[in-house]
Amino acid sequence: MISPSIQKDIINCCAKETTRCIIEEVGDDYFAILADESSDVSQKEQLALVLRFVNRDSGKVMERFLGIVHVGDTTALTLKDAIMSLLVEHSLSPSMIRGQGYDGASNMKGEINGLRTLIMNNDTPSAYYIHCFAHQLQLTLVAVAKKNDSCGWIFEILANLLNVVGVSCKRREMIRQDQAQEVARALDVGDIVSGSGLNQELGLKRPGDTRWSSHYKSLSNIILLFPTIVKVLVHIGKHGVSEDKFKAQIVLGQLESFDFVFIAYLMLTIFGYTNDLCVALQRKEQDIVNAMELVTYTKIVLQKMREQGWDTLLNKVTSFCAKHGIVVPTMDSPYVPQGRSRRFVEEATNQHHFRVGIFLRVIDLLLQELDDRFNERNMEILMCMACLSPKDNFSSFDKDKVLKLASFYPEEFSSFDLMTLECQLDIFMENMLNDERFQGLNDLNSLSMMLVKTNKHKTFPLIHLLIKLMLILPVATASVERVFSAMTCVKNKLRNSMGDQLMNDCLVTFIEKDVFLRVFDEKVVERFQNMKTRRMKV
C-alpha cells in the first residue's frame, strides 16, 4: 500500500469507477461539450472536457467533468482530435453531441476552421455553438473600461496605487494592522457586529481582463479601505524613499479628488449590477432562455439607473467626500480636471461634465456593448426556445415557433414526428394549464424536473425531447474554469512532475466527489484485482 505504483493503480481504479458512473448517467442520450485549454504548473498545455446533459431519473440538467488530456498545441484540429479521442475512450458517440460551449477564442469559435465548425462538420450539424455568456459579460466590462477615457483614467490610478502599496510586504502589513484596529474600534462603539463570516480581512488585488468580477472586487475593497489606504500613502509620502515618496504623493492627490470618487462609485454601482448577473450565469443548472432574460433584466436596471439614478449617485459621492474631507465642487462652476491637463477634457460646467460626459456616456456605452455582444437574441433558435418557457403560466407559448424549433433538429424530428408533435402540443398545453403542479414554474429546468417527477415525460416524449435538447445547450464554461482551479491544487509546485494520467485520475475523484462517494468499495477492489496478476498474502 505504500508503493507509489500501487497507490497510482488504486487512484486509477477510483477514477475509472467514478467516470463509469458518469457515463451511465449520460447513457445513450444527447449531451453538450464544454471545453477549454490552459497550461499547468509545469507549462504543459491541458485540455479539459465537461459534459452537459439531462439526468434521466430527475430531469435535472447536469454538468460533469469527463477528463483532462495533454495537447501539443492549441490549433483547432488538435483540440478536435483530443476531444474525439476522449469521447471514444469512454464509449460516447460524437454523433450525440447537440451543443458546444467555449470561451470565444478564435481557434474555438472560428466559422471556417474553428473547433466548433470542425465538430459540426463531423456528422453533428445540430451541435450548436454558444459563446460563454460569462466571458461575453467580462469582455463587455473590459471594453467599457478601455473605450471610455474617464474609466481608463481611474484604472490607471488603481494600477499606480497597487504599484506603490502592493509591491512591499511591509506596506501590506500596515494595511492589515490599520484595518484590524478600525474593526476593533468599530466593534467597541457598536458600529458593526461580530459573527461568523463577518468583518473578514480585505486586500488589494490587481484587476485582470480575464478574471471574472476582479474589477468589482478591486473597486469595492478600495472604497472600504479608503481611510486605511490614505494613512499608508501619507506615511509613504512622508517617510518613504525619494522615488516612492513622490509616487505616493501623486497617487494620494488623485485619490482625494471628487473625480476619482465619482467615477469609482459609478463603476462600483455598474459592476455591482453586472456582478449579480455574472454569478447567476455560472450556475450549472442555468438554462439559456433564463440567461438571456437575466441579461435583459440587467439592461432594464441600467436603463432605469440612467434615467433615475443621477441624484442617488451624487448623494452617495457627496456623502463620502464629506466624511473623508474631500472638496465637493459647485455643479454650476466650470469643470477643472484633477491630475490631468485641460487639453484632454471639453470645456463645460461640473454638472454637464459629470452627468453628461461621464454618467450618461458610460451607461450608454455599456448598454451598447451588451446589445452588441449578447446578440444571441438574433439567433432564430433562441427566439423559438423562449416559447417553451413555463414562466407566467406559459404566457410566451407559440405553437408555430415551437414546431420551427423542432425543425432545427432534423435527425430527431422527422416529418411524421413534426405532425405528431403538432397534435401533442395542444394536449400538452391543456394539461399544463389545468395541472396545479405546473403552476409557478419559472424556467425550462424546473419544467423538465416536474415532467419527470409526474411521469408526464412518458406521456409527451417529443416535447420532453425538445426541452431536453434546449437544456443541454451550454450557458457558460464556469465548470471548465473550476477544473483549472482544481488543477492548481492537485498539481502544484511541490508536485510539478506529476504525470498526465495521475493528474487526470486525481482531478476526476476530486471534482466529482459526490459521484465518487456513491462508488462501492467492492467495485474498486474488483477493478484493482483485474488490472494485473499480483502477489497477495492469504
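Coordinate-derived values only; no laboratory data. Since the model is a prediction, treat every value here as computed from it, not as a measurement. Glycine gets a Cβ as well: all are built from the backbone with ideal geometry, and neighbour counts include every protein chain shown.
Restricting attention to the chain, close to 70% of DSSP beta bridges with both partner residues there are antiparallel. Rounded to the nearest whole angstrom, the semi-axes of the ellipsoid equivalent to the stretch 34-147, taken from the Cα gyration tensor as √(5λ), stand at 23, 19, 16, largest first. At a Förster radius of 35 Å, what calculated FRET efficiency corresponds to the Cβ-Cβ distance of ASP276 and PHE246, to the nearest 0.05? According to the calculation, E is roughly 0.30.
Against the chain, whose longest principal axis comes from its Cα atoms, helix 242-255 is set at around 80 degrees. Computed from Cα positions, the angle between helix 361-373 and the longest principal axis of the chain comes to roughly 10 degrees.
Estimate the FRET efficiency between ASN122 and GLN7 by the formula 1/(1 + (r/R0)^6), using the beta-carbon distance for r and 35 Å for R0, to the nearest 0.05. Approximately 0.35, to the nearest 0.05. The convex hull built on the alpha-carbon positions of the stretch 453-538 has an orientation-averaged projected area of 10.6 nm². Positive end of the dipole of the chain (Cβ unit charges, origin at the Cα centre): among GLN7, CYS21, HIS70, the Cα lying farthest that way belongs to GLN7. If you wrap the stretch 384-471 in the convex hull of its Cα atoms and look at it from every side, the mean projected area works out to 4.9 nm².
Separation of the stretch 456-531 and the stretch 36-86, taken as the distance between their Cα centroids, equals 10 angstrom. For the stretch 292-347, applying the loop criterion from DSSP together with a ceiling of 12 other beta carbons within 10 Å to the GluC sites (Glu not before Pro) yields GLU346, GLU347. Applying both filters, DSSP loop and at most 14 other Cβ atoms within 10 Å, to the GluC sites (Glu not before Pro) of the stretch 439-538 eliminates every site. Summing Cβ point charges (Lys, Arg +1; Asp, Glu -1) relative to the Cα centre of the chain gives a dipole of roughly 1860 debye. Note on THR454 and ARG306: their simple-model spin labels are 4.1 nm apart, each label 7 Å out from Cα toward Cβ. Computed over the chain, the Cα gyration tensor eigenvalues convert (square root of 5λ each) into semi-axes of 48, 33, 21 Å, ordered from largest to smallest. Sparse packing (at most 16 other Cβ atoms within 10 Å of the Cβ) combined with a DSSP loop state is found for the following GluC sites (Glu not before Pro) in the stretch 380-462: GLU411, GLU412. Relative to the dominant Cα principal axis of the chain, helix 500-511 is inclined by about 80°.
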